[in-house]
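One structure is given below, encoded as structure tokens.
The values are calculated or read from the model by the stated rules, or taken from the named source; none is laboratory data. The structure presented is a predicted model; accordingly, all values stated were derived computationally and were not measured. Glycine gets a Cβ as well: all are built from the backbone with ideal geometry, and neighbour counts include every protein chain shown.
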Amino acid sequence: MGRTGFSKRDELLENAEQMARETGDAHVSLKVIFGRASNDDLDRYDASMLARSASRAARDIAAWDRTMPHISIDTIEGVSPNGIPVSVLSIVDHNKSFLYDSLMGEVTSHYRDIYMAVHPILAVTPRGDISLSNPDSDPEGAIKVSYIQLHLAPLSAEQSAELIRRLQNVLAQVKMAATDWKPMLNLLETALSELRDLSAGRTEAERDEAVAFLEWLRNNNFTFLGMREYTYSGDGAEATVEREKGSGLGILSDPDVRVLRQGQHQVTTTPEILAFLQGPDYLIVTKANVKSVVHRRAYMDYIGIKRFGPNGKVAGELRIVGLFTATAYTRSVNQIPLLRAKVEKVVSHFDFDPAAIPAACCRTRWKIIRATISSRSRPTCWRSSANRSTISRSARAFACCRASTISIVSSR
């Protein structure tokens, strides 16, 4: 009979720990490596396979130079869940934001058959002692290390080499985004200060709304992945936009990374960006033409901020790429700067006397108009202006509401 409170999972890990010790090889504690593995994954393995995988973890960490990420893919003799000799992908790196989800995004975009996936955050001391990281009890001098071990369906040598190459690119972009997070916030604050101090004249309300939007972004509503400064010169068809040397942060610190395309070609600017720089708006919010490999696989959101020279003329653009957080898609449009202004422009188009209509009907009117606008996807809302198309959509909704309102008023 098993010990009281001792589960099948606990027994499996204890037996694997005992086997690992008996080999005499270095290994990482089974509870450290596999303590949070899913039961579905563990059900495919016996104690011997887990013990061998724990020894592999020790070899991976020992091979890491504590500077560059360590990536390896090979088989482990005797590790064959369901009789399949899996390819074991191991990654060791300093722990940082976006690491695991970015790497998993790359792996699963090509390979879906994953038999085991573990990602313990380790505390590794200068002597090489390894334990699960705990901010309240990590040993003095220990560094936080992300250790990832994925067991994949068998890969050929060519597939393994190509996957390692792609993962190295992902890790490089993750490092750039994580390292430059604070500098990006500082640069955003500089652009914000310039806008606040700008003499806006008749467009003061638009300027203030642009400032409010950038402040809203900064308050955990946007994941900043890259920034780069551009200079603008000339006018009309002769205008040019050029990248300032050494001005990139995050993923845009790499001069080879471009986020705009025309057809199949990567470009520095597009007619849409030039029209923005020559137009009245302080910001442009749109989509980049490339997908993020950091955090989640999606086309990146693009925010351009006009920069002004001492003479008050447009001198350039601060280009920001990243990803809106969930709040940008779930919060009411009335609580999001820029979007709320567009809603109010559409609402104000339907000018009438609220006092002449019952309060309940007024509330219904506003709800229908706002619901019509909110039903459009958020990226579409940010990209579009309060133009004839938007107003026409709202007008059709309002016409139905107005007919009902007249009917109610007439019957009283």
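Some notes on this structure:
- Residue selected from segment 254-270 under the condition among the β-branched types (Val, Ile, Thr) and part of a loop (DSSP other than H, G, I, E, B), by the criterion farthest from residue 97 (Cα to Cα): 270
- Matching residues in segment 292-336 - criterion: being among the small types (Gly, Ala, Ser) and either farther than 20 Å from residue 267 by Cα or within 16 Å of the chain's Cα centre (by Cα) (or both): 292, 298, 309, 312, 322, 326, 328, 332
- Restricting attention to segment 283-308, the residues that are more than 21 Å from residue 175 (Cβ to Cβ), in contact (Cβ under 8 Å) with a residue 60 or more places away in the chain and aliphatic (A, V, I, L, M) add up to 4.
- Subset of segment 29-73 (residues that are within 17 Å of residue 132 (Cβ to Cβ) and either acidic (Asp, Glu) or not assigned by TED's automatic domain parsing to the domain that holds residue 131 (or both)): 60
- Looking only at segment 143-156, residues that are surrounded by fewer than 19 Cβ atoms within 10 Å (Cβ to Cβ), of a type outside the set (A, V, I, L, M, F, W, C) and part of a strand (DSSP E or B) come to 1 in all.
- Meets criteria (in a helix (DSSP H, G or I), modelled with pLDDT under 95, surrounded by fewer than 12 Cβ atoms within 10 Å (Cβ to Cβ) and not assigned by TED's automatic domain parsing to the domain that holds residue 96) for residue 204: yes
- Among the candidates 234, 246, residue that is under 16 Å from residue 318 (Cα atoms) and assigned by TED's automatic domain parsing to the domain that holds residue 322: 246
- Residues of segment 52-89 classified as surrounded by 21 or more Cβ atoms within 10 Å (Cβ to Cβ) and in contact with a Gly (Cβ under 9 Å, 6 or more places away or on another chain), total: 1
- Each residue in segment 215-253 was checked for being outside any helix (DSSP H, G or I) and more than 19 Å from residue 306 (Cβ to Cβ), and 8 of them qualify.
- Top-ranked residue in segment 94-108 [being surrounded by 19 or more Cβ atoms within 10 Å (Cβ to Cβ) and touching a Leu at 6+ places or on another chain (Cβ under 7 Å); ranked as nearest to residue 122 (Cα to Cα)]: 103
- Reported count of residues in segment 249-267, each being touching a strand residue (DSSP E or B) at 6+ places or on another chain (Cβ under 6 Å) and either in contact (Cβ under 8 Å) with a residue 24 or more places away in the chain or assigned by TED's automatic domain parsing to the domain that holds residue 168 (or both), is 8.
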